[in-house]
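Comments concern the structure below.
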Amino acid sequence: MRMQGKNVIVTGGASGIGLASIERCLEEGASAVIADLEGSEGAVRAAELDGKHGGRCLFKVCDVTDTAQVDRLFEESVAELGSVDAVFNNAGIGGITPSDEVTDEEFLRIIDINLNGVFRVARAALRVMYRQGSGSIVNCASILGMVGQSQTAAYTAAKGGVVNMTRTLGIEAAPKGVRVNGIGPGYIDTPLLAALDEELLQGLIRMHPIGRLGRSEEVANAFLFLASDEASFITGTTLMVDGGFTAGKS
Ligand SMILES: NC(=O)c1ccc[n+]([C@@H]2O[C@H](COP(=O)([O-])OP(=O)(O)OC[C@H]3O[C@@H](n4cnc5c(N)ncnc54)[C@H](O)[C@@H]3O)[C@@H](O)[C@H]2O)c1
C-alpha cells in the first residue's frame, strides 16, 4: 500500500484525470478529498468511494478561482483528516479560439483557473505542509506547457507558467521538506476532449508516437508515484505522460 495512512486532496477531482487519481490513491491506502465545483459529480463520487477501500473519501466544494474557498478547503481537510500529505493541483479547463478572436473574458478565465488557481492551491498547501515539515504537491501542466499549438494562447501561457512555477516552488520548498513537481499529460481520453470532432481527434492521435490517446489511469499512476515517498529525491521537475508527444520536439 503505497499511500497507506496518507491524506490527499485533488482539485478537479470529480472527473477525468482527477477522479482516476482519487481512485488510485484510495486503492493504495489513502484517504482523499475530491475538491471540485458546486454542481459537479463530486458529492456523488465521494459517497460511492467513501470507505470502499478502507479510507475516507470526502467532497469539498472549491472553485480554485476563489482564494477563500481554497483556504477553507485546506483548513477543513486538516481539521477532518489531521494532515494533508499530497495535493494534485489538477483543476483546469480547455480553450481553443483563434488569438485574434479571443476575448479578454475568455483569456483571463483560462489563466485564472489554469495558472492563478494552481498558485492559490499550492500556496495553501505550502502553509499546511511547512507546519508538518513534509508533503508533496503535484501541479497539472500539459504537453502544451512545453510546445505551442495554434489557437491556444491562454492555455499554453497558463501551462507554460505552471511548468516554470513548479521549478521555483520546488527549489523554494525543498529546505522545508516539501516537494513540488508537475505532470505533463498528452491528449488523454476525458470529458475535456468531448468537444473535439473526430477528424481533429484522429490528427491528435497521430501526434503521439505510441499511437493512441492516453488514459486517465496512466496519468493517475504518475501522480501516485510523485505523491508517494518513492519520489523522495524528485522535486521541481515535470514528468511528461504523453506517449512520446514531446520527445521529438525541442
Ligand atoms: N484531457 C487532456 O487531454 C489533458 C491534456 C493535458 C492536460 N490536461 C489537464 O488535466 C487536468 C484535468 O483535465 P481532465 O481532462 O481530467 O478534464 P475534466 O474536464 O474531465 O475534469 C476537470 C475537472 O476540473 C473541474 N474544474 C473546472 N474548473 C474548476 C474550478 N474553477 N475550480 C475547481 N474545479 C474546476 C471540473 O469541474 C472537472 O471536474 C486539467 O488541468 C487539464 O488542463 C488534460
### Task
Could you go through the stretch 50-66 in sequence order and give the Karplus-derived ³J(HN,Hα) for each residue, using 6.51 cos²θ - 1.76 cosθ + 1.60 with θ = phi - 60°, rounded to whole Hz, and x for Gly and Pro?
4, x, 4, 10, x, x, 6, 9, 10, 10, 10, 5, 8, 8, 5, 7, 10
### Summary
Quick note, the stretch 1-66: a/c under 1.5 would make it rounded; otherwise a/b > b/c is prolate and the rest oblate (a ≥ b ≥ c, C-alpha gyration tensor); here it is prolate
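Starting from the Cα-Cα distance between K52 and S99, subtract it from 0.36 nm times their residue separation and give me the gain in nm to one decimal. Mind showing how you got there, number by number?
Details: separation 47, 0.36 × 47 = 16.92 nm, distance 4.60 nm.
Using 0.36 nm per residue and subtracting the Cα-Cα distance, I get 12.3 nm.
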### Message
Lysine pairs in the chain with Cα distance under 25 Å, only those 8 or more apart or on different chains: how many are there?
### Response
6
### Message
Using the Karplus curve 6.51 cos²θ - 1.76 cosθ + 1.60 with θ = phi - 60°, what ³J(HN,Hα) values do you get for each residue of the stretch 123-132, in whole Hz, with x for Gly and Pro?
### Response
4, 5, 5, 4, 4, 5, 6, 4, 5, 6
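Values in this text are rule-based calculations from the coordinates and carry no lab data. The model shown is predicted, which means the values in this text are computed figures rather than measured ones.
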